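**Student:** Let me begin by handing over the structure; questions about it come next.
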Amino acid sequence: MAEFNHSHVFLAPDHERSERKTWAVIWLCGLMMVAEVAGGLLFGSIALVADGLHMSTHAGALLLAALAYSYSRRHARDPRFTFGTGKLGDLAGFTSAIVLAMIAILIGYESVARILHPLSIHFAEAIPIACLGLTVNIASAWLLGAGGHEHHHGQGPNERTHGHEQSHLISAADGQWLLRIDEEGAAPRFRLSREAGASGDADAAEIDTIRADGTRQTFALRRKEGYLESIDAIPEPHEFTASVRIGGALPHQLRFEEDHHGHAGAHRDNNMRAAIVHVAADAAVSILVIVGLVLARVFGWLWMDPVAGIAGAVVIGSWSYGLVRDTSSILLDMNPDVELAERLRAAVEGEGDQLTDLHLWRVGPGHLAAIIGIATRWHDADYYRRELSRYKILSHVTLEIMPL
């Protein structure tokens, strides 16, 4: 029975590292929180107090994030959680976003009150503390972001974009050819076509792919109307080096990179995102505090200090809204990847079958679950399990196969 069992651990690959980073930032921000609140009360800066109050709440939010990491890790295999604990981070992120919204309202209220009833400010003491707060925010952002990265690959001179896939121009002795991955209406396959001025026979074309883990696969091509197409479908993800041989010519080495924009929401760790948003909000408020204090000191514009607080409230509120929107959609099991849903539909209907039901939802960072109903004349469940295994992001798939 072991072959029928499967894991329900849907945590991010770097879950434990994110947990350690969050605890480190909690200690750093907790110390700075005390310094800013005490300094703001002592020297009369409402913007500095606001910065300290926000830091205190984001230290609490970071504590919530750290506890969510710890709890989801300890209970990842608890059978009481039907689909694992991967969404606990989204729940923590949603809660943090609500806290952010409440703090934005509080900062805005206090800032307006100080405009109506201004207080004297001890600039010589308040400005250095605000600068120290900004330094702590930058250090916190660095700690949380350490090890995390995103790559953007620009297009080379012989690369083109078709939808979300790269294509490559191949300069051969008989002219130029275009190689791309076609995903319209069927499972993804290589498509090789002549460009203007190309001639000759490409019936013997062949493509070998080499992935980062050393996996190799050879794709034979068959003739279609006006182009050649690979007989076999291309497994996900579409990240590999393709060695393309046209006729008897030497092979061309081409690099294909997966466009991850469509899966960004599915891969995002909203627990870590909430922690980073808190730190970024603190940094934004710290900058506004410093600007407000400096202008108030140089030009005597005491109203600049509470205006900086209002501007900070607006920034925090906007970030809070984005976090609430994204995390609530996950908690409500909204479709996290419309593009993937369309690709699944195309893969099924491209084989001549009918997609009768499709439910797609996120069960953790980088993990999607799916319930798929298929009416078919020719294929069985094993066939579609093999086909769907190309989509590595699908971690839990339930199939319903019905005769057509």
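Here is a yes/no grid of residues against (1) modelled with pLDDT under 80; (2) of a type in the set (Ser, Thr, Tyr); (3) under 24 Å from the mean Cα position of the chain (by Cα); (4) loosely packed, with under 13 Cβ neighbours inside 10 Å:
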{"site": "65", "(1), (2), (3), (4)": "no, no, yes, no"}
{"site": "70", "(1), (2), (3), (4)": "no, yes, yes, no"}
{"site": "73", "(1), (2), (3), (4)": "no, no, yes, no"}
{"site": "94", "(1), (2), (3), (4)": "no, no, yes, no"}
{"site": "132", "(1), (2), (3), (4)": "yes, no, no, no"}
{"site": "148", "(1), (2), (3), (4)": "yes, no, yes, no"}
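**Student:** Could you please tell me which pairs satisfy a Cβ distance under 6 Å, a separation of 6+ or placement on different chains, a first residue in region 17-34 that is in contact (Cβ under 8 Å) with a residue 40 or more places away in the chain and open to solvent by 50 Å² or more (accessible area, probe 1.4 Å), and a second residue that is in a helix (DSSP H, G or I) and not polar (S, T, N, Q)?
**Tutor:** So the pair list comes out as 23/66.
**Student:** Within region 185-211, how many residues are open to solvent by 40 Å² or more (accessible area, probe 1.4 Å), at pLDDT 65 or above and assigned to a loop (DSSP other than H, G, I, E, B)?
**Tutor:** Of the residues in that region, 3 qualify.
**Student:** Which residue is modelled with the lowest pLDDT, if the candidates are limited to region 260-272 and must be buried (at least 16 other Cβ atoms within 10 Å of the Cβ) and within 19 Å of residue 183 (Cβ to Cβ)?
**Tutor:** Step by step, filter region 260-272, then rank; the result is 262.
**Student:** Regarding region 334-352, can at least one residue be identified that is touching a strand residue (DSSP E or B) at 6+ places or on another chain (Cβ under 8 Å), open to solvent by 20 Å² or more (accessible area, probe 1.4 Å) and free of Cβ contacts under 8 Å to residues at least 24 places away in the same chain?
**Tutor:** Yes, that holds for at least one residue.
**Student:** Considering only region 350-365, state which residues are under 24 Å from residue 13 (Cα atoms) and either modelled with pLDDT under 85 or aliphatic (A, V, I, L, M) (or both). Step through it out loud before you land on a result.
**Tutor:** Residues of region 350-365 under 24 Å from residue 13 (Cα atoms): 360-365.
Once the filter is applied, which keeps residues that are under 24 Å from residue 13 (Cα atoms) and either modelled with pLDDT under 85 or aliphatic (A, V, I, L, M) (or both), region 350-365 yields 360, 363.
**Student:** Restrict the check to region 305-320 and report whether at least one residue is more than 34 Å from the chain's Cα centre (by Cα) and open to solvent by 20 Å² or more (accessible area, probe 1.4 Å).
**Tutor:** Pass one, region 305-320, residues more than 34 Å from the chain's Cα centre (by Cα): 305-306.
From the residues that got through so far, the ones that are open to solvent by 20 Å² or more (accessible area, probe 1.4 Å) too are none.
Checked against the condition, which is being more than 34 Å from the chain's Cα centre (by Cα) and open to solvent by 20 Å² or more (accessible area, probe 1.4 Å), region 305-320 yields no hits at all.
**Student:** Still on this model: State which residue pairs qualify: first residue more than 23 Å from residue 231 (Cβ to Cβ) and in a strand (DSSP E or B) and inside region 164-184, second residue among the hydrophobic types (A, V, I, L, M, F, W, C) and modelled with pLDDT under 75 in any location, beta carbons under 7 Å apart, and separation of 6 or more residues or different chains.
**Tutor:** Within 7 Å, the pairs are 175/198; 176/198.
**Student:** Here's something else I'd like to know. Out of the residues in region 1-15 meeting the condition of being over 18 Å from the mean Cα position of the chain (by Cα) and either modelled with pLDDT of 65 or more or open to solvent by less than 90 Å² (accessible area, probe 1.4 Å) (or both), tell me which one is farthest from residue 89 (Cα to Cα).
**Tutor:** It comes out as 2.
**Student:** For region 75-92, which residues satisfy the criterion of being open to solvent by less than 70 Å² (accessible area, probe 1.4 Å), within 27 Å of residue 398 (Cβ to Cβ) and in a helix (DSSP H, G or I)?
**Tutor:** Residues satisfying the conditions are 88, 89, 90.
**Student:** In region 381-400, how many residues are crowded, with 17+ Cβ neighbours inside 10 Å and over 18 Å from residue 346 (Cβ atoms)?
**Tutor:** 2
**Student:** What are the residues in region 227-259 that are open to solvent by 70 Å² or more (accessible area, probe 1.4 Å), in contact (Cβ under 8 Å) with a residue 12 or more places away in the chain and not acidic (Asp, Glu), if any?
**Tutor:** Initially, region 227-259 is screened for residues open to solvent by 70 Å² or more (accessible area, probe 1.4 Å), giving 231-232, 245, 248, 250, 253, 255.
Imposing the further condition that a residue be in contact (Cβ under 8 Å) with a residue 12 or more places away in the chain reduces the set to 231-232, 245, 248, 253, 255.
Once the filter is applied, which keeps residues that are open to solvent by 70 Å² or more (accessible area, probe 1.4 Å), in contact (Cβ under 8 Å) with a residue 12 or more places away in the chain and not acidic (Asp, Glu), region 227-259 yields 231, 245, 248, 253, 255.
The values are calculated or read from the model by the stated rules, or taken from the named source; none is laboratory data. Model, not experiment: these values are computed from the prediction. A quick note on method: Cβ atoms are made from the backbone with ideal geometry, for glycine too, and the neighbour counts reach across all protein chains shown. Just the protein is used for accessible areas: all its heavy atoms, side chains included, with ligands, DNA and RNA removed. Shrake-Rupley method; radii C 1.70, N 1.55, O 1.52, S 1.80 Å.
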